[in-house]
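Some notes on the structure that comes next.
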Amino acid sequence: MSTHADELKLRLMTIELLRTAKYKRNITYRELASKTGLPVTVLSRYAKGHVLPNTARAKQLWKVLSKLVGLEVELRSRIKFDEDGYFDNTDIIGDFNIIQQAANHALAIFAGKRVTKVLTAAVDGIPLATMVANALGVNLILAKRNKEVGVKAFLEETYVLGKDSGVTMTLYIPKEAIKKRDSVLIVDDMIKTGETQAALVNLVRKAKAEISGVFSLIAVGEEWKKKLKLTGECPIEVITYVKAPYESSTRP
């Protein structure tokens, strides 16, 4: 990942987000100043393109503005669980605008960090992971449920699909897809039990590579984090958390 290019991209994206807040959502400079802690004059100079924020300030602004102008709000409005605790994510992963905003969010979080590959499990994670890999300027690796003809050797990880299901699933990636020197960002559209993401973590570890972080649009609860067995130094970024439908309320 080219650090300077990505940091510049982040700074420009932050300006666009600020302009969206000011000119499309009609949030006043005074309101923005109270939310961001920055003077009205500074915000005005940014919005008018007179100056760009530095990288640290851009990240600070992005975190505040993204909550104000709302990818998280948009995602939450589309999450509707059925009586069995599942929801149809077609309206999310098929929406280019949402996926593009999410990719920008990932860039804002991971710009400046060392990421050399993006890894996801087929199939629902592919649209998001593709856009994130493009935003970060790195290659994408797909963990698949079947071995592909023509690939000589694989890394594989078998796990139980859901608690007490008795069903196992195996993910495969080409053995040469991840090198020891790689730093891999794991991306998925949704995390529920954490089993699939833990399998992806284990694949990276089998390749003796580094895990640079985990990124997801939606996560149900936080129990799944224990299954990943990641240190506190490895960032886990989820745009919105929800509670399972059988729980009494939704996390704000």
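The values are calculated or read from the model by the stated rules, or taken from the named source; none is laboratory data. Source: prediction; values computed, not measured. No Cβ is skipped: glycine too gets one built from the backbone with ideal geometry, and neighbour counts run over all protein chains shown.
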Inspect all residues belonging to segment 52-73 and state whether any of them is touching a helix residue (DSSP H, G or I) at 6+ places or on another chain (Cβ under 7 Å), modelled with pLDDT of 85 or more and assigned to a loop (DSSP other than H, G, I, E, B).
yes
Enumeration of residues in segment 130-156 that are in contact with a strand residue (DSSP E or B) (Cβ under 7 Å, 6 or more places away or on another chain), of a type in the set (V, I, T) and farther than 22 Å from V115 by Cα
V151
Name, by its number, the condition in (1) over 22 Å from K117 (Cβ atoms); (2) outside any loop (DSSP other than H, G, I, E, B); (3) more than 18 Å from the chain's Cα centre (by Cα) that does not hold for A244.
(2)
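Please specify each residue of segment 77-118 satisfying the condition of being assigned to a strand (DSSP E or B) and either β-branched (V, I, T) or within 24 Å of M13 (Cα to Cα) (or both).
Those that are assigned to a strand (DSSP E or B) and either β-branched (V, I, T) or within 24 Å of M13 (Cα to Cα) (or both): K117, V118.
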Consider T130 carefully, then state whether it is among the polar types (S, T, N, Q), touching a helix residue (DSSP H, G or I) at 6+ places or on another chain (Cβ under 6 Å) and under 24 Å from E195 (Cβ atoms).
no
Which number in (1) polar (S, T, N, Q); (2) in a loop (DSSP other than H, G, I, E, B); (3) at pLDDT 95 or above marks the one condition that Q197 misses?
(2)
Does segment 74-97 contain at least one residue that is assigned by TED's automatic domain parsing to the domain that holds D189 and touching a residue at least 60 places away in the same chain (Cβ under 8 Å)?
no
